[in-house]
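A.B. asks: Sharing a structure below in structure tokens format, with a few things to ask.
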Amino acid sequence: MYIARRALTFVQGFLTSYAPSSIKKLFWDRNFSGGKWDFIDNTVGDCVYPHLEKYAQNGDILDLGCGPGNTANELASGVYRSYVGVDISEIALAKAIKRTKENGREEKNSFAQGDFLGYTPSQEFDVILFRESLYHVPYGQVLAILGKYSKHLRKGGVFIVRLGTGNSNTGKKKKRVIRKVNLIKREFDVLESPEYNTYGLPTVLVFRPRRHS
């Protein structure tokens, strides 16, 4: 049974990272419609929010892999001007849009369906957020994806990446995730990188492209 679970986890991880967009969409739509990700519908008080509130500065936020719109609806409305959420799952976005309407944030929040690996923004942003979504970007593509989106950061803007780095019960770290965290620390100007002792042992990285003299 343990081996079967490990094999299933490996296959799912492979599909969410390497499969064509059409396959990834089917996978994520099935998971969201089946209730697998219902537990992320309410993340009030998450460690990422103080960082978003600090750096948004009443500006514009791009959320890549926004899921069911928890960031769009839980973040204090007064700290940002506009929010664009991108997700591959139509099921997740339907939830996000419904919650946005219920919260009266239609003028602030908008959403786009698609694989964020291929998405091209139409504006610049003060904050570009990867909330766990960078987990599904293959290691060899991380710098290319961040380089692509760097072109859409406003002057003074930042990336914010939240990644669960381990098991909060055992303290065991996820080597694949730590490798990505260390890559960002080597290649970018990191402003903050706190680690939190909550579920999943999340690390929040706040960083900018490195200036070259």
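A.B. asks: Tally up the residues in region 80-98 that are assigned to a helix (DSSP H, G or I), without any contact (Cβ under 8 Å) to a residue 60 or more places away in the chain and touching a strand residue (DSSP E or B) at 6+ places or on another chain (Cβ under 9 Å), please.
C.D. replies: 3
A.B. asks: Only one of these conditions is not met by A94: (1) modelled with pLDDT of 95 or more; (2) more than 16 Å from the chain's Cα centre (by Cα); (3) farther than 20 Å from S33 by Cα. Which number is it?
C.D. replies: That leaves (3) as the condition not met.
A.B. asks: Taking region 112-134 on its own, how many of its residues are of a type outside the set (K, R), closer than 15 Å to A92 by Cα and assigned to a strand (DSSP E or B)?
C.D. replies: Going through region 112-134 one residue at a time, the tally reaches 2.
The values are calculated or read from the model by the stated rules, or taken from the named source; none is laboratory data. Everything numeric in this text was worked out from a predicted model, so none of it was measured. With ideal geometry, Cβ positions are generated from the backbone for all residues, glycine too; neighbour counts draw on all protein chains shown.
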